[in-house]
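J.: Below is a structure I'd like to ask you about.
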Amino acid sequence: MRAEATVDLAALRANVEALRARTGRSAVMAVVKADAYGHGMVPCAREALLAGATWLGTATPEEALALRAAGIGPDQARVLCWLWTPGGPWAEALHADVDISLSARWALEELLAAVDATGVPARVHLKADTGLGRNGCQPHDWPDLVAAARRAEAAGQLRIAGIWSHFAAADEPGHPSIQAQLTAFRDALAHAESQGAAPEVRHLANSPATLLLPESHYDLVRPGLAMYGLSPVPEVGSPADFGLRPVMTLEARLASVKRVPGGHGVSYGHHYTTPGETTLALVPLGYADGIPRHASNGGPVQVAGKWRTVAGRVAMDQFVVDLGGDRAEVGDEAVLFGPGDRGEPTAEDWARACGTISYEIVTRIGVRVPRRHLHGWAGAEARG
């Protein structure tokens, strides 16, 4: 084994249960976009459903269709897809019984053409831009979108299944945009309901809002990062503070161990030079595997029972650590990150070292790294 990402599905299930305990009567949508933040979409989706989630969230239509193709039917979970571009695939989504987010009239018109062509009514979630400024309908266009959707609903072409929006800064407690968005969402919802919309679910809360803003929970919450056991608000609390456990552990086997003299340059550009005679160990992971190049001379790795730091630049397929006077052998384990309870670094440690967020660290681990899904540390396992 060159390298492997171990995904603890028992931890994921416990995380979903811990999040459900915070939501009261609100349902849980397990967000499994981007291959479940790098953890493996289908295994994680199945485990989240076993833990009590009743919805699955995806960004792209391809992700939503893959869940249905894997056998996760509408009787097991509603699937919402929210990132659409012209051309759909609307018909395929209708046939797969995927809930479709709409933010603009162009999307509604394309969807209705597909409804007329297939004879399959749509389930839609109207998305309001309450201040994030990405997707979502601006307040000045909201009445027109709602009116058009209501006409289509009256004609039997669709069902307005949801009204929703997304926070810009729920991970920054006290940020003024939070209350502004709560107010804007209430206004958008009130207008839609005044026009006769009766959505099954109203939803606004992402991971940080699920943990910190109970007033935003409405009928459904959408945890993403928190489901994978990482804190979306590390300045407020660690995963353990929220009853969560990191799900992914990334390990590799040393490909080379050798003694070198002092003054020896290491990796491209010689941005690290050995301070004296030392042992260098080669970890066979690089930026092609998702290891950030920004981790050069900074990324933490546990080798031979101690934390080390990436020595020199991260290359495409490999990086070096300086072991000093410690010993190691080819094939020994290097742990890049995990839950942290064996003294290893965490994804949050990597995020701090690289000046980024833990979302990016786990999501960017590439396809060259196999995932091994454990259903319990003493139970069955599956490779994916």
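J.: Would you be able to tell me the number of residues in the range 302-337 that are on the phi < 0 side of the Ramachandran plot and either part of a helix (DSSP H, G or I) or among the small types (Gly, Ala, Ser) (or both)?
T.: Summing the residues that are on the phi < 0 side of the Ramachandran plot and either part of a helix (DSSP H, G or I) or among the small types (Gly, Ala, Ser) (or both) in the range 302-337 gives 5.
J.: In the range 115-126, is there at least one residue being open to solvent by 50 Å² or more (accessible area, probe 1.4 Å) and hydrophobic (A, V, I, L, M, F, W, C)?
T.: Yes, the range 115-126 contains a residue that is open to solvent by 50 Å² or more (accessible area, probe 1.4 Å) and hydrophobic (A, V, I, L, M, F, W, C).
J.: Here's a follow-up. Looking at this structure, is Asp97 open to solvent by 20 Å² or more (accessible area, probe 1.4 Å), on the phi > 0 side of the Ramachandran plot and of a type in the set (Asp, Glu)?
T.: The answer is yes for Asp97.
J.: Okay, next question. Need pairs with beta-carbon distance below 7 Å; first residue without any contact (Cβ under 8 Å) to a residue 12 or more places away in the chain and within the range 297-319, second of a type in the set (Val, Ile, Thr) and surrounded by 22 or more Cβ atoms within 10 Å (Cβ to Cβ); sequence gap 6+ or separate chains.
T.: Matching pairs, first to second residue: none at all.
J.: Restricting to the range 173-210, and then to whatever is open to solvent by 60 Å² or more (accessible area, probe 1.4 Å) and within 22 Å of the chain's Cα centre (by Cα), can you tell me which residue is modelled with the lowest pLDDT?
T.: Step by step, filter the range 173-210, then rank; the result is Pro173.
J.: Quick check on this structure: which one of Arg159, Arg105, Arg151 is of a type in the set (D, E, K, R) and either closer than 23 Å to Glu215 by Cβ or surrounded by 17 or more Cβ atoms within 10 Å (Cβ to Cβ) (or both)?
T.: Only one candidate qualifies: Arg159.
J.: I'm told Arg68 meets every condition in (1) under 21 Å from Gly40 (Cα atoms); (2) in a loop (DSSP other than H, G, I, E, B) except one. Can you identify the failing condition by its number?
T.: (2)
J.: Do we have any residue at all in the range 333-352 that's of a type outside the set (A, V, I, L, M, F, W, C), more than 25 Å from the chain's Cα centre (by Cα) and either surrounded by fewer than 17 Cβ atoms within 10 Å (Cβ to Cβ) or modelled with pLDDT under 95 (or both)?
T.: yes
J.: Out of the residues in the range 1-17 that are open to solvent by 30 Å² or more (accessible area, probe 1.4 Å) and out of contact with any strand residue (DSSP E or B) (no Cβ under 8 Å at 6 or more places or on another chain), state the one that is nearest to Asn206 (Cα to Cα).
T.: Here the answer is Glu17.
The values are calculated or read from the model by the stated rules, or taken from the named source; none is laboratory data. Note that this is a predicted model, so its numbers are computed, not measured. All Cβ positions, even for glycine, are placed from backbone atoms using ideal geometry, and neighbour counts span all protein chains on display. In case anyone asks, the SASA skips ligands and DNA or RNA and just uses the protein heavy atoms, side chains included. Shrake-Rupley method; radii C 1.70, N 1.55, O 1.52, S 1.80 Å.
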